[in-house]
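Engineer: I'd like to ask you about the structure that follows.
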Amino acid sequence: MSSLSRELVFLILQFLDEEKFKETVHKLEQESGFFFNMKYFEDEVHNGNWEEVERYLSGFTKVDDNRYSMKIFFEIRKQKYLEALDKHDRSKAVEILVKDLKVFASFNEELFKEITQLLTLENFRENEQLSKYGDTKSARAIMLVELKKLIEANPLFRDKLQFPNLKNSRLRTLINQSLNWQHQLCKNPRPNPDIKTLFVDHSCGQPNGARAPSPANNPLLGGAVPKPGGFPPLGAHVPFQPAPAPVPTPLAGWMSNPPTGTHPAVSGGPIGLGAPTIPAALKHPRTPPTNPSVDFPSADSEHASKRTRPLGISDEVNLPVNVLPVSFPGHAHSQTFSAPDDLPKTVARTLNQGSSPYEHGFSSHPTDPTSGWYQCGRSWFVGSWFKREAGPEKLQSLGSGFLYNAFTGVAYSRHLVQIFSYHGNDDVRQHLEVWDATTGTKQYTFEGHEAPVYSVCPHHKENIQFIFSTALDGKIKAWLYDNLGSRVDYDAPGRWCTTMAYSADGTRLFSCGTSKDGESHIVEWNESEGAVKRTYQGFRKRSLGVVQFDTTKNRFLAAGDDFSVKFWDMDNTQLLTSTDADGGLPASPRIRFNKDGTLLAVSANENGIKILANTDGLRLVRTFENLAFDASRASEAAKPTVNPISAAAASSAGLTERVASVVSISAMISRLIYTNSGNAILALASNAIHLLWKWQRSERNSSGKATATVPPQLWQPSSGILMTNDVSDTNPEEAVPCFALSKNDSYVMSASGGKISLFNMMTFKTMTTFMPPPPAATFLAFHPQDNNIIAIGMDDSTIQIYNVRVDEVKSKLKGHSKRITGLAFSHVLNVLVSSGADAQLCVWSSDGWEKQKSRFLQLPSGRSPAAQSETRVQFHQDQIHFLVVHETQLAIYETTKLECVKQWVPRESAAPISHATFSCDSQLVYASFLDATVCIFTAAHLRLRCRINPSAYLSPGVSSNVHPLVIAAHPQEPNQFALGLSDGSVHVFEPLESEGKWGVPPPAENGSTSSVPTTPLVGASASDQAQR
């Protein structure tokens, strides 16, 4: 096949994809073998459509083509076989073995025998090599990783994995150019030729009388040249074809045929539709032909149409032909964003309320440019622009805006109010009412929908005002302000809940909707033809709610989908960018831009609303706050009351009430960590449930970072699921909880005595589980350079180096005699330090995983640790020294020699140490004790700076048995830390603002030196060790 023929296939593939011929697209991909659609292949594998998977592959390779192909087919058929065994469908498994797997026996007979023997096992996981096989979903995902590598390495797939970079609708553009060229060659070219077929060349007939008026002199709307049109009707395949009628009516063309009588105009004044103020299109009605016409330049450029050109010319013809809907470059932007970074994606403010809004936005009355805020279902607003009185129909306007309440949908258009209403007893009226906003009198009633009205979109062009409406049956209707019925009747994509909106300059029309099956669409309409011009990609396969959208700046579209806000450039169907607004969004958040596009309101969980802003928007918010909230800010500026603590003081934000009210945790906080972003705390309780608290941006917390002065919110996705570890066949009292957080806060790996689980931190969904006990995991640590490598400490005293990507244990390290209780990587020294319940420290090379050194802790004389005492390790910021935490001591070790350079030992009468950690800058050590005391040390010399007594943060009624089990340091604020307590509560600590730091070192006589000779780690000279 020639290269041009090959390229034609790609053009056809693009056309089929744009026209939604999904099965045909993939059939042509497979039959031509030109493009391997990896996304389609992945979907079919995830869905387990094995016949289609192999059929699609067969267009590109066969089993015996090469070793890569053989491995691909083997992995697929093996997975199909294991799934049959997992379902205990022996007959199906035997059929797969004989028909599909036997072909591999000639290449590896031993392997085939081993596969056959799986039939004799009650559970194929009894086979050692398959012991880590999880559920079907995770197994398919793991297999896909391997398949993608094999396909990318297979030479038969070379140059077939990337689709050519084509302009949108390239085939349509070429046909348009061809028709232009054919028309130029006509002896008597007509300005409005009737193109009825593409099967033969176009030729204009003999002229019959005077030339028809040029489109330049006969615009649809006040001089606007019509946009490129739609495909000639092709029966069932024409998208959004109008209801059967003798003459199809375009979305914009319906305004060209108004009634000849006079009707009250929207202002209430008597102007007729034939009056001089109406555009020429309405004075000279243009009746569309049965098929879309070809529109050409005016008589001024007539010579260009008649001029012939030599054959073979390659430059594009740019005459405005309306035969095929072609995607043209974007419109001029009077004000545009310079880059996606200018989109409002920074959370500037979080508004909380008592009831859930189902519509919100910024006011946008045409005569009032000020950007205020409204929300529906409750009567508060940024800027206080509306107030709601006793009844749902009593709305008093204090400015302008757009409001829905529980009974009425309302939209402004100049000084008119359009209303569609609910009157109780399931009476959703299937009509619209138009009221004059100044006099309060009803102007019109629009009847014609056969289902409840879902949304309205008022608009005006020149002096013509009109309104689109959509209903729950997916019908789109358009109305002039008269009582003569709707002018168009179209089906919206998805045929269910749809909203419509124009670009800011009113030249481009978009709609967004979701079908009952959850399939969402954003499309741009060709108003001239009533057809979809382009469809935007990037929605999740099945949206979890009705997707809402908005437009801004004549350039961008935004929609709420998949717990985030997604953005598109109007001229590009591919997703531009997205933001999760720091989390806390529902599955399909509602959104609304302000007039300038600098702010974006987004509905949030727990009946909240987030205001996202770009740089200009942040300045605007600050201006509003200075003007409108001075009094409230003054009243809220006071710091909370704090208790003096020994040599310093602390304030704490308790999380106890929030835990009890949402999850009713009665378990202990076993593990605690700040997220790397510093705006949330993640805890793992002893009942295997994870808890995530997030701080929101507010007036008192403009950064949105964790703080002790503002309480956070316990966060859950809208699905309501919890991140819960596997606890099957484990004794909760014996289980050792452990977790590790990825560097980008996207995933947490966790275990509570059962399998290790990998959770998505955004959705709380379990991505995969692996390594069922025994042995059970007791400590987890991500490799600093590769998140796919995890060091897993086990309760059998081993350390397993596990590669998540390939589901394989790379190394098993042996050196401890009891369970592993601590692991820490140094990326500077390329080592792993481990600690165990045997009070031993080991240093391992992270290159070859050989043990370099080991040493037992120097326990104080006369002290015998508990049988299950933990030893924890944590690297200093210099990555050379590390902190050792044991119930009997704190110590600083130098790694290369594994020597103790500092040690602090509490008095014999003091309570044991429960946990300790470095501050984020490694200048302090925070330590908690079993008597609920917290001590803060200088890290350089382990010298006591401050002691926090239990009475400073525990209420008098709390049991004396409550104590901290774990302590965590903020990743950016060196003076902030958090405690996880045995009663299931978490407290966050910061020094008083007047102090700014944690205490001062006590006098030398209050302590005594330790018995270990030391040298200082940083700066200052060695000094006495304070004893507690």
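The values are calculated or read from the model by the stated rules, or taken from the named source; none is laboratory data. Please read these numbers as outputs of a predicted model, since none were measured by experiment. A quick note on method: Cβ atoms are made from the backbone with ideal geometry, for glycine too, and the neighbour counts reach across all protein chains shown. Areas reflect the complete protein model, heavy atoms only, side chains present, ligands, DNA and RNA absent. Shrake-Rupley method; radii C 1.70, N 1.55, O 1.52, S 1.80 Å.
Engineer: Any idea how many residues of region 115-153 are touching a strand residue (DSSP E or B) at 6+ places or on another chain (Cβ under 6 Å) and either on the phi > 0 side of the Ramachandran plot or open to solvent by 50 Å² or more (accessible area, probe 1.4 Å) (or both)?
Structural biologist: Total satisfying the criteria: 1.
Engineer: I need a count of the residues in region 464-494 that are more than 22 Å from Arg534 (Cβ to Cβ), crowded, with 16+ Cβ neighbours inside 10 Å and over 31 Å from the mean Cα position of the chain (by Cα).
Structural biologist: 12
Engineer: Being aliphatic (A, V, I, L, M) and assigned to a strand (DSSP E or B) is the filter here; which residues of region 925-946 pass it?
Structural biologist: Across region 925-946, the qualifying residues are Val925, Ala927, Val934, Ile936, Leu944.
Engineer: Would a scan of region 517-535 turn up a residue that is out of contact with any Lys or Arg (no Cβ under 8 Å at 6 or more places or on another chain), of a type in the set (Lys, Arg) and open to solvent by 30 Å² or more (accessible area, probe 1.4 Å)?
Structural biologist: For region 517-535, residues out of contact with any Lys or Arg (no Cβ under 8 Å at 6 or more places or on another chain), of a type in the set (Lys, Arg) and open to solvent by 30 Å² or more (accessible area, probe 1.4 Å): absent.
Engineer: Could you list, in sequence order, all residues of region 473-527 that are within 22 Å of Tyr444 (Cα to Cα), hydrophobic (A, V, I, L, M, F, W, C) and in a loop (DSSP other than H, G, I, E, B)?
Structural biologist: Leu484
Engineer: Return yes when Lys80 is among the basic types (Lys, Arg), without any contact (Cβ under 8 Å) to a residue 60 or more places away in the chain, out of contact with any Pro (no Cβ under 8 Å at 6 or more places or on another chain) and part of a helix (DSSP H, G or I) and no when it is not. It would help to see each step written out before you state the result.
Structural biologist: Numbers: among the basic types (Lys, Arg): yes; without any contact (Cβ under 8 Å) to a residue 60 or more places away in the chain: yes; out of contact with any Pro (no Cβ under 8 Å at 6 or more places or on another chain): yes; part of a helix (DSSP H, G or I): yes.
Yes: the conditions hold for Lys80.
Engineer: Let me ask something else about it. For region 132-146, state whether one or more residues are in contact (Cβ under 8 Å) with a residue 12 or more places away in the chain and among the acidic types (Asp, Glu).
Structural biologist: Among the residues of region 132-146, at least one is in contact (Cβ under 8 Å) with a residue 12 or more places away in the chain and among the acidic types (Asp, Glu), which makes the answer yes.
Engineer: Mind checking which strands (runs of 3 or more DSSP E) fall wholly inside region 540-628 and carry at least 1 residues that are open to solvent by less than 50 Å² (accessible area, probe 1.4 Å) and farther than 27 Å from Lys39 by Cβ? Even if it seems obvious, please write down each step before you answer.
Structural biologist: Details: elements: 549-552, 556-561, 564-569, 575-579, 591-593, 599-604, 608-613.
Here the list reads 549-552, 591-593, 599-604, 608-613.
Engineer: Looking at the structure I just gave you, is Ser564 in contact with a Leu (Cβ under 7 Å, 6 or more places away or on another chain), closer than 15 Å to Val347 by Cα, modelled with pLDDT of 85 or more and not acidic (Asp, Glu)? It would help to see each step written out before you state the result.
Structural biologist: On the way: in contact with a Leu (Cβ under 7 Å, 6 or more places away or on another chain): yes; closer than 15 Å to Val347 by Cα: yes; modelled with pLDDT of 85 or more: yes; not acidic (Asp, Glu): yes.
In short, yes.
Engineer: Among the residues of region 867-882, how many are over 14 Å from His827 (Cβ atoms), modelled with pLDDT under 95 and either of a type in the set (S, T, N, Q) or open to solvent by less than 30 Å² (accessible area, probe 1.4 Å) (or both)?
Structural biologist: 3
Engineer: Also, I was wondering about something else. Which ones in region 899-924 are hydrophobic (A, V, I, L, M, F, W, C), closer than 24 Å to Ser854 by Cα and assigned to a strand (DSSP E or B)?
Structural biologist: If the condition is that a residue be hydrophobic (A, V, I, L, M, F, W, C), closer than 24 Å to Ser854 by Cα and assigned to a strand (DSSP E or B), then Cys900, Val901, Trp904, Ile913, Ala916, Phe918 are the ones that fit.
Engineer: Go through the residues of region 37-44 one by one and say whether even a single one is within 17 Å of Ile142 (Cα to Cα), open to solvent by 70 Å² or more (accessible area, probe 1.4 Å) and in contact (Cβ under 8 Å) with a residue 12 or more places away in the chain.
Structural biologist: No - not one qualifying residue is present in region 37-44.
Engineer: So, one more: Out of region 540-563, which residues are in contact with a Gly (Cβ under 6 Å, 6 or more places away or on another chain) and either closer than 16 Å to Ala604 by Cβ or acidic (Asp, Glu) (or both)?
Structural biologist: Correct list: Gln548 only.
Engineer: Tell me, which strands (runs of 3 or more DSSP E) lie completely within region 819-858 with 1 or more residues that are more than 13 Å from Thr798 (Cβ to Cβ), open to solvent by less than 10 Å² (accessible area, probe 1.4 Å) and free of Cβ contacts under 8 Å to residues at least 24 places away in the same chain? Steps first, answer last, please.
Structural biologist: On the way: elements: 820-826, 831-836, 840-845, 851-856.
Here the list is empty.
Engineer: Restricting attention to region 767-783, which residues are touching a helix residue (DSSP H, G or I) at 6+ places or on another chain (Cβ under 9 Å) and either assigned to a strand (DSSP E or B) or buried (at least 22 other Cβ atoms within 10 Å of the Cβ) (or both)?
Structural biologist: Passing the criteria: Met767, Thr768, Thr769, Phe770.
Engineer: Would you pick out the residues in region 177-191 that are buried (at least 18 other Cβ atoms within 10 Å of the Cβ) and either assigned to a loop (DSSP other than H, G, I, E, B) or within 39 Å of the chain's Cα centre (by Cα) (or both)?
Structural biologist: Answer for region 177-191, where residues must be buried (at least 18 other Cβ atoms within 10 Å of the Cβ) and either assigned to a loop (DSSP other than H, G, I, E, B) or within 39 Å of the chain's Cα centre (by Cα) (or both): Pro189, Arg190, Pro191.
Engineer: For region 86-101, what are the residues that are open to solvent by 50 Å² or more (accessible area, probe 1.4 Å) and not charged (D, E, K, R)?
Structural biologist: Across region 86-101, the qualifying residues are His88, Ser91, Val94, Val98.
Engineer: Can you name every residue in region 916-932 that is under 24 Å from Ala837 (Cα atoms) and either without any contact (Cβ under 8 Å) to a residue 24 or more places away in the chain or open to solvent by less than 20 Å² (accessible area, probe 1.4 Å) (or both)?
Structural biologist: Taking region 916-932 first, the residues under 24 Å from Ala837 (Cα atoms) are 916-918, 925-932.
Result: Ala916, Thr917, Phe918, Val925, Tyr926, Ala927, Ser928, Phe929, Ala932.
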